[in-house]
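Since the structure comes first, as structure tokens, the remarks are kept for the end.
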Amino acid sequence: MTTYDYIVYGNNTAALVSAHELSKKNKIAIINPAPNWGAHFAGITINETNFDIGMNFFEFTTFHKKNSDLLSYDSTRRNDSARFFDLVQKYICDQIETVLVDKIEVFANGVFAEDIIMANSLDIFKKLPNDLVSKIKSELEEIIKNGDKSLHASQKKLNEKLFLNSSYFDVSMANHGKTFHDLLIEPFCKKTFNMSSKDCPALLHRIAWTPLYYPETLLNGINGIVDLNPTLFHYPKKGNFSAITESIFHKIKMSSNVTIISQKPESLIKTDSYEFNFEDKKVNTNKLIWCNDLQSLLQVAHIDTSDITMEKASVSVVFCSTEFNNIKRQFSSLYISDNGPLYRITNQEYSAKINNPEKVRLIFEFNLDVLNEFGLETNEKILEYLNHFLLKNNILNNSLEIKNVSFKSLKNAVNMPTSNNLINFERLLNITQTKLSGIELIGPASGFVSTSFNDQIIQGLKIGQKYN
């Protein structure tokens, strides 16, 4: 049996950063039976071309007070990593070169505008029809005058329990009004997770990508007063989001302190230490860093959790290469709130600011169940729908050809932001803490609200600071 100072289990960003930090002063093993390094952020290679799996940008903009005390990071608090975004930026920029992303857009009610979903631009009010904007304005004025102040967006940090027990629908209506909600919020919840905003706790609205604005902010935007700085995003200059995970893994692989184990363990036994049994060997440690989900941890420890089911969304992604001259409308990423199943398009070349490329990589994202509801159950039907949308809205000059397109479905890929999932996560956590106490839980195991890329970076850095 081989003993290590630390064993890190997983292949995601949290696992890579933890292993990278711990290997500076310790003898470690990293166990990864998965086929890649970086998990979702490893991207996918199709016909020798590397695509991101959906839109992946670095977010360094924060409205939180900066903090450098990593040990104070709390994975149970939604967006607590925002206090440390400057540390995230430094860590990433020490690894790779990035560029500032521009032209993030939204398509709603038939118009293109600077993005209001993620980038916090209120430009859309200049583009929508006057009667629609007037309706949104009158609803906002009524909310500010007579609305439920307890559900005002400013109370989210002060009363997290209330926002956890209130639906996103109720809180959005109390801050945005019905017209704005129906235009942007509800369609996007449906498109991304095939769920109603009524089924999403308000505190988890960003897991469903969608925003929660102060009514005063929206009204000021309509009146031409900008009191909210846009959120800025960055992207690897190399042109693939996987550049960051590749850089970290390269350093891990080169370290003499690291042993990489690519086998799937047959069991995990907890005594005074943690022992992994493989077909041909055993390894153990006094400190285990678990970076995967809790169910996979309990499964390898042969602890039955068959009565606990997490609600998951299935994702369908279409990858395409097309000629640069075929791109009629340039954008880095486009959020789509109009009718139809497509919710986002990303242009990797434009995101990386690659000038005049021969080919452009486009990524189209759907929820698989929503696709099926629209009757788009074959690749041919999906491509027909895409070409109709792209040509009708002057995004492309010519149709995409199926020979240049690849279709991938990721079933049960993402935990849905529902109250039931929160309850089930807590059940899994209680079982883990009772039967497998002492394990450092990071990444998806650390908390239902702490699965973002930035959270994983901070968790890995926190492990390094705690144990080095």
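What follows is calculated from the coordinates using simple rules that are stated; it is not laboratory data. In this text, all values refer to a predicted model and were calculated from it rather than measured experimentally. Note that we place each Cβ from the backbone using ideal geometry, even for glycine, and neighbour counts take in every protein chain shown.
How big, on average over all directions, is the shadow cast by the Cα convex hull of the range 1-89, in nm²? The number I arrive at for the range 1-89 is 8.5 nm². Working ranking of peptides 274-282, 297-305, 454-462, 164-172 by packing, defined as the average number of other Cβ atoms within 10 Å per residue, highest first, is 454-462, 164-172, 297-305, 274-282. Taking a straight Cα-Cα cut-off under 15 Å and skipping sequence neighbours fewer than 8 places away in the same chain, the aspartates and glutamates within cross-link reach of LYS466 are ASP5, GLU21, ASP69, ASP74, GLU440. Sorting ILE31, ILE117 from the fewest to the most surrounding beta carbons within 10 angstrom yields ILE117, ILE31. Stokes-Einstein, applied to the Kirkwood radius of the range 364-468 over Cα pairs at a viscosity of 1.002 mPa s and 20 °C, places its translational diffusion at 120 µm² s⁻¹. Here the simple spin-label model places points 7 Å from the Cα toward Cβ, and for ASN355 and ILE96 these points are separated by 2.2 nm. With both labels modelled 7 Å from their Cα along Cα-to-Cβ, the SER196 to ASN325 distance reads 5.1 nm.
Which of the lysines could be linked to LYS408 by a straight reach, that is with a Cα gap under 21 Å, when you skip same-chain ones fewer than 8 residues away? Counting by Cα, and skipping residues close in sequence, LYS408 has these lysines nearby: LYS190, LYS191, LYS312, LYS359, LYS381.
Converting phi to 3J(HN,Hα) with the Karplus coefficients 6.51, -1.76 and 1.60 and the offset θ = phi - 60°, the range 324-332 yields 4, 5, 7, 7, 8, 10, 8, 7, 7 Hz in sequence order, with x at every glycine or proline. Cross-link reach is defined here as a Cα-Cα straight distance under 18 Å, omitting same-chain residues fewer than 8 places apart; for LYS156 the lysines meeting it are LYS65, LYS198. Rounded to the nearest 20 debye, the dipole magnitude of the chain is 820 debye, with +1 charges on Lys and Arg beta carbons, -1 on Asp and Glu beta carbons, and the Cα centre as origin. Explain nothing, just the number: relative contact order of the chain, from Cα pairs under 8 Å at least 6 residues apart, as a whole percent. Reported relative contact order: 27 percent. Which of rounded, prolate or oblate describes the range 122-222 when judged by the alpha-carbon gyration tensor and an a/c cut-off of 1.5? Oblate, since a/c reaches 1.5 and b/c is not below a/b. Residue exposure proxy: TRP37, TRP209, ordered by other Cβ atoms within 10 angstrom of their Cβ from fewest to most, comes out as TRP209, TRP37.
Projecting the Cα atoms of PRO444, ILE431, GLY464 onto the dipole axis of the range 326-468, where Lys and Arg carry +1 and Asp and Glu carry -1 at the beta carbon, places GLY464 farthest toward the positive end. For a paramagnetic label modelled at 7 Å from the Cα of THR259 toward its Cβ, which residues of the range 281-305 fall within the zone defined by backbone nitrogen distances under 17 Å? So the set is 281-289. Among beta bridges identified by DSSP and lying wholly in the chain, the antiparallel ones come to about 70 percent. Label reach from ASN404 (point 7 Å along Cα→C-beta): in the range 303-341, amide nitrogens under 17 Å belong to 318-331.
Spin-label model, GLN433 to LYS157: label points 7 Å out along the Cα-to-beta-carbon direction sit 2.6 nm apart. Rg over Rh for the range 312-415 works out to 0.96, using Cα positions for both radii and the Kirkwood form for Rh.
Highest mean packing first, where packing is the average number of other Cβ atoms within 10 Å per residue, the peptides 80-87, 415-422 line up as 80-87, 415-422.
Do the sum for the chain: with -39,500 (n - 2.57) for every DSSP H run of n ≥ 4, divided by all residues, what is the mean residue ellipticity at 222 nm, to the nearest 500 deg cm²/dmol? Taking each H run of at least 4 residues, the total per residue is -9000 deg cm²/dmol. Taking other C-beta atoms within 10 Å as the exposure proxy, MET310, MET55, MET254 rank MET254, MET310, MET55 from fewest upward.
For VAL226 and ILE303, the difference between the fully extended length at 0.36 nm per residue and the C-alpha to C-alpha distance is 22.3 nm.
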